[in-house]
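Right, one structure below, let's go through it.
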Amino acid sequence: MEKELKLMKGNEAIAEAAIRAGADGYFGYPITPQSEILEYLMEANPQATTGMVVLQAESEVAAINMVYGGAACGKKVMTSSSSPGISLKQEGITYIAGAELPCLIVNVVRGGPGLGTIQPAQSDYFQATKGGGHGDYHLLVLAPSSVQEMADFVELGFDLAFKYRNPVMILSDGAIGQMMEKVWLNPQKKRSEEILPWATTGKPASRPRNIITSLDLDSERQEKFNLKLIAKYREMEEKEVRYEEFMTEDAEYLFVGYGTSARLCQKALQLARAEGIKAGLLRPITLFPFPKKRLNELADRVKGMLAVEMSAGQMVEDVMLSVNGKTRVRHYGRMGGMIPTPEEVVENLKSFIKG
Amino acid sequence: MAEITFNDIIKPENLAYTKSKLMTDNVMHYCPGCGHGTAHQALAEVLEEENLQSRTVGITPVGCSVLMYNYIDVDFQEAAHGRAPALATAVKRLMPDRFVFTYQGDGDLAAIGTAETIHTCNRGENILIVFINNGIYGMTGGQMAPTTLPGMKSATSPYGRDVSLMGSPIKMADIVAMLPGTCYVTRQSVNTAGGVRKFKKALKKAVQYQNEKRGTCFIEVVSNCPSGWKMTPVESNKWMEENMFPFYPLGDLKVPAE
Ligand SMILES: Cc1ncc(C[n+]2csc(CCOP(=O)(O)OP(=O)(O)O)c2C)c(N)n1
Ligand code: SF4
Ligand SMILES: [Mg+2]
């Protein structure tokens, strides 16, 4: 089967990609700007074709706990929401991380805090990359910057989730969720019928019972488990860092931006170059693990880095940690659903260059 | 006739009650006289008698029975507090031929997990919910539960539950019996041999109904918490019969049409 070219919204691309990736289940609850994911799946009704379960839960809390139950059976399960709903899911997410289960969580971010706005923002970076719920854990976080990547990261996300038995988050935003672009979709994959050795699927005589839990009342064992998790995150930092670079070879100043911000930084880059400023761009694709090493290398060559985010300044902290004082770092951002213009970004770069 | 010795009594053929093969040898952490252990044994017997081990997935709650997975030899998932029915929903939808049950206390099911309980029952998920109602938060040290009786003392209602401030106890079985999604709702007890037999019968019906995909089965067990109630096991059973049973009458609330 061939790939198929379609014109779709980012949210629809996620839904269609989930069906085609052979997902076993999706559990969701409506919230703007991502309700199209659940709507699309309900209309597509994959239960009748691939057998994929799609369920509208009574809350985000229930939805993520359904994901927990399904993931504990070794199934390819996912949920999606937007910021306020993702806050509610944090309980389930920390249990899933603590029980070392694979799953995919999509956050189509809107501005906050609180009910905030339904317009796009990147203000959930801390929540996504530093754990989000209680306890020491990380999600593996993918940041798409196009509708194509919305689709591609579904399958990639599932693969990484099962490889590490760790929840994976696609951290998108309302702009990418709502915009329409061309997207190449993979052919339909068959759902896996494999029974995973650790999954709770009913105990045959051939193995001891499987228990999926995040509880250990023995502190020494719990600490060992914490160390095991840390080793897993270190392995991700070794093997899974993904980023993209634009005109970094001769860059004197570097934009750092992901998702929607990376798109407008690309335009800002052209404007800056036209004015004779040697600008470059590093677009982190994985936000955890963060491209620390590469930024540290680039810090030896550039005169400064401008972290562009639709937030009060969150990713900029990771940029600072990465360069560890080797070069100047500044944040430029808009909030509340405002998207900076490339011109604004260039003006800011110029004032940054002045010092 | 020769006198019966201790060694005669413990011969397998003379034992009226044996440990179910599905009960593990792990030492139980329950307090002496607690109903949880008896309910586990009855459940294990039914799973064994119905030959369900290889297709059972159990969901444990947060509460005294959080470690239930140490005692019954089937696959288990340990849920967050109150969320067991959400996990069970997904397990059953993704693996419809498995036998899926949750086992939950009254704090778990009737307070923090009320939404999950009601909506799971309302969707008529083909699962069994076993609800151990001991009128108190046993695990955390005997605080008031939504099911605590009017006037009943607990760590957080030291002067007795004042219904004008705290509302009246919630009768969850009555609530879920009203929902079209439930097919079988019953209230049982495990403090006597007769009670255990009836509880086992109810469990077997629930197995049958789940096999027939009839909807949610909800079995409440009105139980005790000697430690939380600050009573001896014998006193707690007497108190339960005199106070809990009149408020939570035993028997079927809803049975499916044949
Ligand atoms: C989110 C959350 N809140 C509170 C607790 C603390 N907690 C543990 S068990 C429990 C109450 C259990 O009572 P019940 O469900 O009646 O079970 P029992 O111990 O009586 O069998 C509470 C409040 C927790 N573990 N998680
Ligand atoms: S605290 Fe109560 S419910 Fe918990 S084990 Fe002891 S008696 Fe049983
Ligand atoms: Mg209780």
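Those residues that are in a loop (DSSP other than H, G, I, E, B) and surrounded by fewer than 23 Cβ atoms within 10 Å (Cβ to Cβ), I need them from the stretch B:181-210; list them, please. I'd like the intermediate steps shown before the answer.
Of the stretch B:181-210, the ones in a loop (DSSP other than H, G, I, E, B) are B:181, B:190-192.
Residues satisfying the conditions are B:Gly181, B:Asn191, B:Thr192.
Can you tell me which of A:Gly135, A:Gly177 is touching a Pro at 6+ places or on another chain (Cβ under 9 Å) and within 22 Å of A:Ile86 (Cα to Cα)?
The match here is A:Gly177.
Within the stretch A:47-57, can one find any residue that is under 23 Å from A:Ala151 (Cα atoms) and under 16 Å from the mean Cα position of the chain (by Cα)? Spell out how you get there, then give the answer.
Of the stretch A:47-57, the ones under 23 Å from A:Ala151 (Cα atoms) are A:47-56.
Going one step further and asking which of them are under 16 Å from the mean Cα position of the chain (by Cα), we end up with none.
No, the stretch A:47-57 has no match at all.
Could you list, in sequence order, all residues of the stretch A:274-308 that are part of a strand (DSSP E or B), farther than 19 Å from A:Lys350 by Cβ and not aromatic (Phe, Trp, Tyr)?
A:Leu282, A:Arg283, A:Pro284, A:Thr286, A:Leu287
For B:Ala88, are the conditions met, namely being within 12 Å of ligand 3 (Cβ to nearest atom), in a helix (DSSP H, G or I) and at pLDDT 95 or above?
The answer is no for B:Ala88.
Give just the number: which of (1) over 19 Å from A:Gln127 (Cβ atoms); (2) not in a loop (DSSP other than H, G, I, E, B) does A:Val316 not satisfy?
Condition not satisfied by A:Val316: (1).
Take the residues in the stretch A:198-230 that are without any contact (Cβ under 8 Å) to a residue 40 or more places away in the chain, within 10 Å of another protein chain (Cβ to nearest Cβ) and of a type in the set (Gly, Ala, Ser); name whichever of them is surrounded by the most Cβ atoms within 10 Å (Cβ to Cβ).
A:Gly202
Mind telling me which of the residues A:Ile277, A:Ile285 ends up being closer than 22 Å to A:Glu149 by Cα and at pLDDT 95 or above? Quick ask: steps written out before the conclusion?
Details: A:Ile277 fails: closer than 22 Å to A:Glu149 by Cα.
Within the list A:Ile277, A:Ile285, the selection yields A:Ile285.
Filter the stretch B:112-127 down to the residues that are of a type outside the set (Asp, Glu), in contact with a strand residue (DSSP E or B) (Cβ under 6 Å, 6 or more places away or on another chain) and in a loop (DSSP other than H, G, I, E, B), then identify the one that is farthest from ligand 3 (Cβ to nearest atom). So that I can check it myself, show each step before the final result.
Applying the first criterion (of a type outside the set (Asp, Glu)) to the stretch B:112-127 yields B:112-115, B:117-124, B:126-127.
The next check asks that each one be in contact with a strand residue (DSSP E or B) (Cβ under 6 Å, 6 or more places away or on another chain); those that pass are B:121, B:124, B:127.
Pick out the ones that are also in a loop (DSSP other than H, G, I, E, B) and you get B:124, B:127.
Values: B:Gly124: 26, B:Ile127: 21 Å.
So the residue we want is B:Gly124.
Every residue, every condition in (1) within 14 Å of ligand 3 (Cβ to nearest atom); (2) surrounded by 24 or more Cβ atoms within 10 Å (Cβ to Cβ); (3) assigned to a helix (DSSP H, G or I); (4) touching a residue at least 24 places away in the same chain (Cβ under 8 Å), yes or no:
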| site | (1), (2), (3), (4) |
| --- | --- |
| B:Ile129 | no, yes, no, yes |
| B:Gly141 | yes, no, no, yes |
| B:Thr147 | yes, yes, no, yes |
| B:Ser164 | no, no, yes, no |
| B:Pro169 | yes, no, no, yes |
| B:Asp174 | no, no, yes, yes |
| B:Leu179 | no, no, no, yes |
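Kindly indicate the residue of the stretch B:1-26 that is away from chain A (no Cβ under 14 Å) and of a type in the set (A, V, I, L, M, F, W, C) and also nearest to ligand 3 (Cβ to nearest atom) among those meeting that condition.
Of everything passing the filter in the stretch B:1-26, B:Ala16 is nearest to ligand 3 (Cβ to nearest atom).
Name the pairs whose Cβ atoms lie under 8 Å apart, with the first residue in the stretch B:211-237 and in a strand (DSSP E or B), the second within 15 Å of ligand 1 (Cβ to nearest atom) and aromatic (Phe, Trp, Tyr), and 6 or more positions between them or separate chains?
B:Phe218/B:Phe131; B:Ile219/B:Phe131; B:Glu220/B:Phe131; B:Glu220/B:Tyr248; B:Val221/B:Phe131; B:Val222/B:Tyr248
Can you name the helices (runs of 4 or more DSSP H) wholly within the stretch A:33-113 that have at least 3 residues being within 12 Å of chain B (Cβ to nearest Cβ) and either among the polar types (S, T, N, Q) or surrounded by 23 or more Cβ atoms within 10 Å (Cβ to Cβ) (or both)? Step through it out loud before you land on a result.
Numbers: elements: A:35-44, A:60-72, A:83-98.
Those helices (runs of 4 or more DSSP H) span A:60-72, A:83-98.
Just need a number here: residues in the stretch A:159-178 that are assigned to a helix (DSSP H, G or I) and under 18 Å from A:Gly98 (Cα atoms).
Residues meeting the conditions: 5.
Can you spot a residue in the stretch A:75-93 that is over 19 Å from the mean Cα position of the chain (by Cα) and at positive phi?
No, the conditions are met nowhere in the stretch A:75-93.
Among the residues of the stretch B:149-160, how many are part of a loop (DSSP other than H, G, I, E, B) and within 14 Å of ligand 3 (Cβ to nearest atom)?
Residues flagged as part of a loop (DSSP other than H, G, I, E, B) and within 14 Å of ligand 3 (Cβ to nearest atom) within the stretch B:149-160 amount to 4.
Step by step: first the residues of the stretch B:57-85, then only those that are in a loop (DSSP other than H, G, I, E, B) and away from ligand 1 (no atom under 15 Å from the Cβ), then the one that is farthest from A:Thr201 (Cα to Cα). Which residue is that?
Filtering the stretch B:57-85 for residues that are in a loop (DSSP other than H, G, I, E, B) and away from ligand 1 (no atom under 15 Å from the Cβ), the one farthest from A:Thr201 (Cα to Cα) comes out as B:Asp73.
Step by step: first the residues of the stretch B:48-60, then only those that are of a type in the set (A, V, I, L, M, F, W, C) and crowded, with 23+ Cβ neighbours inside 10 Å, then the one that is nearest to the other protein chains (Cβ to nearest Cβ). Which residue is that?
B:Val57
Specify the residue that is surrounded by the fewest Cβ atoms within 10 Å (Cβ to Cβ); the eligible residues are those in the stretch B:61-104 that are facing another protein chain (nearest Cβ under 8 Å) and β-branched (Val, Ile, Thr).
B:Val66
Looking at the stretch B:34-55, can you tell me whether even one residue there is more than 24 Å from A:Thr201 (Cβ to Cβ), within 16 Å of ligand 1 (Cβ to nearest atom) and outside any helix (DSSP H, G or I)?
Yes: the stretch B:34-55 contains one or more residues that are more than 24 Å from A:Thr201 (Cβ to Cβ), within 16 Å of ligand 1 (Cβ to nearest atom) and outside any helix (DSSP H, G or I).
The values are calculated or read from the model by the stated rules, or taken from the named source; none is laboratory data. Model, not experiment: these values are computed from the prediction. Heads up, the Cβs are rebuilt from the backbone with ideal geometry, glycines too, and the neighbour counts pull from every protein chain shown.
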